[in-house]
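See structure below.
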Amino acid sequence: MKRIERITQLSILAAAMLLALGGRAEAQPSQPAPAGEAEVAAKGAFEDPYGEADRAQGGEPAPQARGYSPYAGRKYPTRVFFGDTHNHTSNSGDGFAAGDRLDPEQAYRFARGEEVVSSTGVPAKLARPLDFLVISDHAEGLGLMAQVYEGNQAFMSDPTLQRWNEGMKAGGKEAAATQNEVTKSQAMGTLPPPIKDPKVVGPIMKSVWQQYTATAEKYNEPGRFTAMIGYEWTSVPKGNNLHRNVLFRDAKDKADQVFPFSAWNSEDPEKLWAWMEQYEKKTGGKLLAIAHNANLSNGRMFELVDFAGKPLSKDYAERRARWEALQEIVQTKGASETHPLASPNDEFANFGTAGWEYGNLTLTDRPLSKEMMPTNYTRGGLLRGLEQEAKLGVNPFKFGVVGSTDVHNSLTAIDEDNFFGKMPIQEPSPDRWEHVSKEGFGKTRYTWHYMAAGYAAVWATENTREAIWDAMKRRETYGTSGTRMTVRFFGGYDYSADDAKSRYVAEAGYAKGVPMGGDLAAAPAGKPPTFLVAALKDPVGANLDRVQIVKGWIDAAGQAQEKIYDVAWSADRKPGADGKLPPVGDTVDVERATWTNTIGATELATVWTDPDFQPSQRAFYYARVIEIPTPRWTAYDQVRFGVKMSPEVPMKHQERAWTSPIWYTPKG
């Protein structure tokens, strides 16, 4: 879907510019939403040139007090920034072992829009630069595999490290096998002793860290491109993915006062939170953590016991909610929103699940079972959070969402027509689709299972480290599968249909309620919550199929429930007798790997009132925006390389965005 359609590109770009400038753009007709709620084009949904939200907070100022400029004094965010919070370079041991030879400098140059040559010798460039990048190399063994490759004598006395040296130098499949062994050794706690000897590796890793922070300073350009300092804490007990990325609000001067806390120190996330607290006390800086793709945790990401197996406590809930503001909902290793076995009534639940439902990260420990589903996906985690809040008084799983990539080749190249894979061996080639990634439990993961995904979308006041970090902390974020659609989502009690018809949706959004990631106060007597949602298509991507609101709640019997509501859609479709909206249609030409925007809408907006609201029931709501069908990266490969893939390989899909939730908590 991310392939540029040349015929419509100029017209869509013009429409987006008109919206940004406060003008009008024509939208395709849309079906009125259920229960008489208006669904209209999102006219000016992403700007407030007249500062009306500020007016709502303090009354109508006199014209001379406001001055001429409509932008003066505006404090809320009016721009969304797209980036990647999960990029690995040659400093990551598994990436280097697999053949990545691009360092942080080349990763930044690529993200900023420059052309580079990949580790497999393929020229690479983004269609559009990113706004920000977090290079999140593994803290465990930071930079050490390069030393093994170069034959550092401190390591060559160990036969396993000697074999890894030979495998990396052989390249290709032998390097990929070495990378798999490195990952499995980390997961199973069987790394060779020399690689963890602090006297040997401590000075090396500290030097690599300080070189990285210096490079981040070099490429950080406030207002144009943000190079946010971060790293990955890679806890993976028995292959169960409990990884977190740790993001600094700070610059090199504070980040260099520590060396990142790693899973070599402890695989217990509570120990990580304690280190983060110590860092803030020591430096006066700020940290937050983003938990990774829950779909490979074998149900451990949102389990209802702590790392030691004890039931969650209020103290645990408070600390997790404080430090882990965000959760990764999609990346190259699949989507973690939900699964058909966990959400059987969700017709879009099977997105990004194929191949990733076999088991955990390394296909070890145990296969994924139905019993693990409720704590293995983000929607299940949000529901478990409501249950724990009712029990503990604090919600431990109160997180916003982002998408990111987890690439291990330094290249955030995830457009479907420009996908460079996760690992170097998965970079463009005629046979990459059938490369064996992992084997276990009688199952095989192939490269075709990987997704060209995703992006972190952040509503920030400016493109700086501080503003982007602050937006992440308040959870005013959403994740996409790789599209750069623009999405607004607000909750309150006083939105009206006219607010969706307004040219400036954000004005009403902030003035009358809270944005994505926020909390709704207890409901006024007799008032159900209303939600204002607006979406604008990616200017060079596919049209929109529909907007949905996903609700999760705890019913009167204390049971977790979920429901998906279609609230806005393109064309004149009407729900059938089963309440389901008919499919939008399909214009994909697989033989040519293309599609047309002759169906769908360029923009959608509506105000929706929860028809099933009960004031006494805890709930969360998030928006999901789905595009029309478009070709998958496998379709582009099939055409460009002239190959024929197996029938089970998907050639098209419907890309999407997921917003951070808005939570409702009843009085008391």
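Spelling out what I want: for every residue of segment 402-415, take phi, set θ = phi - 60°, compute 6.51 cos²θ - 1.76 cosθ + 1.60 (Karplus), and round to whole Hz; glycine and proline get x.
Karplus-based 3J(HN,Hα) across segment 402-415 equals 9, x, 7, 10, 6, 5, 10, 10, 6, 10, 7, 10, 10, 4 Hz.
Once the Cα atoms of helix 198-219 and of the chain are each reduced to a long axis, what angle between those two axes, in degrees from 0 to 90 to the nearest 10, is obtained?
That helix lies at roughly 40 degrees to the long axis.
Give the carbon-plus-sulfur fraction of the accessible surface of segment 179-277 in %, rounded to a whole number; probe 1.4 Å, heavy atoms of protein chains only.
On the way: 1960 of 3770 Å².
Answer for segment 179-277: carbon and sulfur cover 52 percent of the accessible area.
In whole Å, what three semi-axes, largest first, describe the equivalent ellipsoid of segment 547-641 built from its Cα gyration tensor (square root of 5 times each eigenvalue)?
Working: eigenvalues 247, 53, 25 Å².
Three semi-axes, in Å: 35, 16, 11.
Quick one: 3J(HN,Hα) in Hz for segment 458-466, Karplus 6.51/-1.76/1.60 with θ = phi - 60°, rounded, Gly and Pro as x.
Once rounded to whole Hz, the list reads 10, 8, 10, 6, 6, 8, 9, 4, 5.
For helix 6-20, report the angle its Cα long axis makes with the longest principal axis of the Cα atoms of the chain; keep it between 0 and 90° and round to the nearest 10°.
60
Cα centroid distance between segment 105-160 and segment 472-531, in Å?
39
Give the relative contact order (percent, whole number) for segment 539-643; include only Cα pairs under 8 Å separated by 6+ residues. Let's see the in-between values first.
On the way: 167 pairs, mean separation 41.1, N = 105.
39 percent.
With every protein chain kept in place and ligands, DNA and RNA left out, what is the accessible area per residue of segment 501-602? Probe 1.4 Å, answer in Å². Provide the component values of the computation, followed by the final result.
Numbers: 3810 Å² over 102 residues.
Per residue, segment 501-602 has an accessible area of 37 Å².
Compute the distance from the alpha-carbon center of segment 286-319 to that of segment 376-421, in whole Å.
When both Cα centres are located, 13 Å separates them.
Please compute the modelled spin-label separation between Phe613 and Asp256, points set 7 Å along Cα→Cβ, answer in nm with one decimal.
Computed distance between label sites Asp256 and Phe613 equals 5.3 nm.
Any idea what angle helix 378-392 forms with the longest principal axis of the chain, computed on alpha-carbon atoms, 0 to 90 degrees, nearest 10?
The angle comes out near 80 degrees.
For segment 319-406, count all C-alpha to C-alpha pairs, find those more than 18 Å apart, and express that count as a whole percent of the total.
Numbers: 1852 of 3828 pairs.
Cα-Cα pairs in segment 319-406 separated by more than 18 Å: 48 percent.
Would segment 344-489 count as rounded, prolate or oblate if I go by the C-alpha gyration tensor, calling it rounded below 1.5 in a/c and otherwise prolate when a/b exceeds b/c, oblate otherwise? Intermediate results must be reported in sequence, preceding the final value.
Values: a/c = 2.22, a/b = 1.17, b/c = 1.90.
Since a/c reaches 1.5 but b/c is at least a/b, the shape of segment 344-489 is classed as oblate.
With runs of 4+ DSSP H residues as the only contributors, calculate the mean residue ellipticity of the chain at 222 nm using -39,500 (n - 2.57) per run, divided by the residue total and rounded to the nearest 500. It would help to have the intermediate numbers written out before the result.
Values: 18 runs with 175 residues, N = 668.
Computed ellipticity for the chain at 222 nm equals -7500 deg cm²/dmol.
Where does segment 222-292 land on the Kirkwood hydrodynamic radius, alpha-carbon pairs, in angstrom?
12.8
In whole percent, how big is the carbon plus sulfur part of the accessible area of segment 492-573, probe 1.4 Å, protein atoms only?
Values: 1320 of 2520 Å².
C and S atoms contribute 52 percent here.
Looking at the chain, I'd like the Rg to Rh ratio, where Rg is from alpha-carbon atoms and Rh is Kirkwood's inverse mean 1/r. Mind dumping the intermediate values first?
On the way: Rg = 24.1 Å, Rh = 25.3 Å.
Here the Rg-to-Rh quotient is 0.95.
Pairs of alpha-carbon atoms within less than 8 angstrom and 6+ residues apart define the contacts here; what relative contact order does segment 165-291 have, in percent? Display every interim value, and only then the final one.
Details: 131 pairs, mean separation 25.5, N = 127.
That works out to 20 percent.
Under 8 Å for C-alpha pairs, at least 6 residues apart: give me the relative contact order for the chain, rounded to a whole percent. Each step should come with its number before you reach the end.
Numbers: 1655 pairs, mean separation 119.9, N = 668.
It rounds to 18 percent for the chain.
With a 1.4 Å probe and all protein chains left in place, how much accessible area per residue does segment 247-355 have, in Å²?
Details: 3800 Å² over 109 residues.
Here the per-residue accessible area is 35 Å².
Work from the charge dipole of the chain (Cβ charges, +1 for Lys and Arg, -1 for Asp and Glu, about the Cα centre) and give the residue of Phe490, Gly642, His653 farthest towards its positive end.
Phe490
How many angstrom separate the Cα center of segment 236-256 from the Cα center of segment 81-101?
14
The values are calculated or read from the model by the stated rules, or taken from the named source; none is laboratory data. As the structure is a prediction and not an experimental result, all values here were calculated from the model. For neighbour counting, all protein chains shown are included, and Cβ atoms are generated from backbone atoms with ideal geometry for every residue, glycine included. The accessibility values were calculated without ligands, DNA or RNA, using every heavy atom of the protein model including side chains. Shrake-Rupley method; radii C 1.70, N 1.55, O 1.52, S 1.80 Å.
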